[in-house]
Each structure stands twice: as structure tokens, then as C-alpha cells.
Amino acid sequence: MTTKTDLLYEGKAKSVYETDNDDLVIVEFRDDMTAGDGARKETMTGKGYYNSIITSKIFEVLEAHGIKTQFVELTKPGTLVVKKLDMIPLEVIVRNIATGSLVRTFPFEDKTPLDPPIIQTDYKSDEFHDPAINDSISIALGLVTQDDLDFIRKTTMKINDIMRDMFLDAGITLVDFKIEFGKDKEGNIILGDEISPDSCRLWDVETQDMLDKELFRKGQDDKVIDAYEEVFNRLLNDDDKAKWNL
Ligand code: CDP
């Protein structure tokens, strides 16, 4: 068993702890929800439970398709053991359908399918408020090399293909999402952080109802947990639930 020791980092929705194993950390998914660069903060009871399990399921499916992730084990709902990574401070955003800032910033019509998908990157920094960044700036800042970026782009496209199919099987359209990568101690680039309704736009295929954090951003707080539970119920099968005692 991996035992947590010192608090290493506290983010907006997750806390990361050192463990008795130098190569592993424990991530606790909290029920905190923030929006608008931290301007709004609420507690959504059950969010940590659902997001930790949804992340575990997605990371397992990605691993089964040959994508390296930091996932090791869901020890109990809310708590993951993961490989320790040196995180790359880039938010890699993939868009399959134009909406949100893309239609506010550029002349795309809302809900236009994007084929091929668009990849954008933001610089992950509270101090600088996550500005958009490009390859040249990322390299000039010493965050990554061109080879790293090529690998990240190729891997991101594969992740998108796998996740789109997975969600479609669950009757959900994967509109857009954000992922983060880190390096392990051998320098391999590995998928880290979380993939959950906090970090994806998810629409019901039939009704186009939102099933993600956008509900919170739009002030429909009472619908948030039901939507996350819906995603959980559609993605997890009976075997998953038995394996994790859910
Ligand atoms: O499209 P819009 O600008 O409104 O949102 P965005 O911040 O560019 O987000 C695009 C996608 O990435 C959405 O699915 C967000 O949930 C996700 N995202 C995230 O999870 N965390 C961030 N810090 C930024 C984006």
C-alpha cells in the first residue's frame, strides 16, 4: 500500500501528496469548483468522487490503446495513486466543435464541426492568467523542445480519437477538452492531471444538453452533480463498478 506523507501542492480542485515511494504521489480530488480564474468558488458535494473515477476510467482506456499515462491505481473514490511527473506548464486544448471563446474570438459559427480538430495551447500560470501561447514562445521559454511539441501533438490527436469513440459509445459528443503532460524521471512525456467533466465540454448526442462544468460557468449550479453522475453512469460498466467497489 502507498501511504501519503507531506502535502506537495494544492490546486483549485485537487491536492497532491508525497508518498513513502519516491516515484509515486497521491492525488485527492476535492469537491471544490471554481470558475472565472478563481473568481467564483463553491463546494459541489460528490464532484471529487465522480471526477476521480471518470479520470481513472479514461486513463485506463487510453493505456489499453498504448497511450502512456500517470495513472497507477484508484485506491478509493476520490484518491488516485499516480506516477510522479515533472509537469510541463502547457494546457493543450483540443476542439472538435467550435464554441465558447473560439466563436467569440474568430469568425466561426457556433457548433461548427472542426475536421481536422483544432489544437491550441495556453501557458499554465496563475500569475499570468493562462495566456494563449505558441510553439516558438514555448521553446523560447525553455518549457519544451520542438521534438517534445511534435510528440505532444501526435499523442494528443491519438487521445482525441480514442476519447471521441469512447464518449460516442456512451451517447456523448466530445466537443472540446484540455489535457496536460509531464516528464517522468527518464524524460518520457506522459499524460498527467485529470480528464473529467471539469476539463471537457460534453454534450448529450440526442438533446445536446451540457454534461460538464459549463453548467457551473453559466450559473446552473443545481444541475452540475446530476450531469457528472450521468457521465459516470454512461462511461462505467458493471465490471468497472465491481472492480472499484462502487
Ligand atoms: O472555449 P472557451 O474559451 O470558453 O474555453 P477554454 O478555456 O478555451 O476551454 C476549452 C476546453 O478546455 C473546455 O472543455 C474547458 O473545460 C477546458 N479547459 C480546462 O479544463 N481548463 C482550463 N484551464 C482551460 C480550458
Just checking, how many residues over the range 173-201 are aliphatic (A, V, I, L, M) and over 12 Å from the mean Cα position of the chain (by Cα)?
4
Please go through the range 203-220 and give me each residue that is within 16 Å of the ligand (Cβ to nearest atom) and out of contact with any helix residue (DSSP H, G or I) (no Cβ under 6 Å at 6 or more places or on another chain), ordered by number.
Trp203, Asp204, Gln208, Asp209, Met210, Asp212, Lys213, Glu214, Arg217, Lys218, Gly219, Gln220
Test result for Asn245, out of contact with any helix residue (DSSP H, G or I) (no Cβ under 9 Å at 6 or more places or on another chain), closer than 20 Å to Gly48 by Cβ and not in a helix (DSSP H, G or I)
yes
Could you check how many residues of the range 168-217 are of a type in the set (Asp, Glu), without any contact (Cβ under 8 Å) to a residue 24 or more places away in the chain and assigned to a loop (DSSP other than H, G, I, E, B)?
3
All conditions in (1) acidic (Asp, Glu); (2) surrounded by 14 or more Cβ atoms within 10 Å (Cβ to Cβ); (3) out of contact with any Ser or Thr (no Cβ under 8 Å at 6 or more places or on another chain) are true of Glu18 except (3)
Flag for Thr121 being of a type in the set (S, T, N, Q), surrounded by 15 or more Cβ atoms within 10 Å (Cβ to Cβ) and within 11 Å of the ligand (Cβ to nearest atom)
yes
Residue identified as among the hydrophobic types (A, V, I, L, M, F, W, C), surrounded by 14 or more Cβ atoms within 10 Å (Cβ to Cβ) and within 11 Å of the ligand (Cβ to nearest atom) among Phe151, Phe177, Phe181:
Phe177
I'd like to check something: does the range 88-102 contain any residue that is away from the ligand (no atom under 16 Å from the Cβ) and either within 26 Å of Asn233 (Cα to Cα) or in contact with a helix residue (DSSP H, G or I) (Cβ under 8 Å, 6 or more places away or on another chain) (or both)?
no
Of the residues Glu194, Glu230, Glu186, which single one is away from the ligand (no atom under 16 Å from the Cβ), surrounded by 17 or more Cβ atoms within 10 Å (Cβ to Cβ) and at pLDDT 95 or above?
Glu230
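The values are calculated or read from the model by the stated rules, or taken from the named source; none is laboratory data. Fair warning: this is a prediction, and the values are worked out from it, not measured in the lab. Glycine gets a Cβ as well: all are built from the backbone with ideal geometry, and neighbour counts include every protein chain shown.
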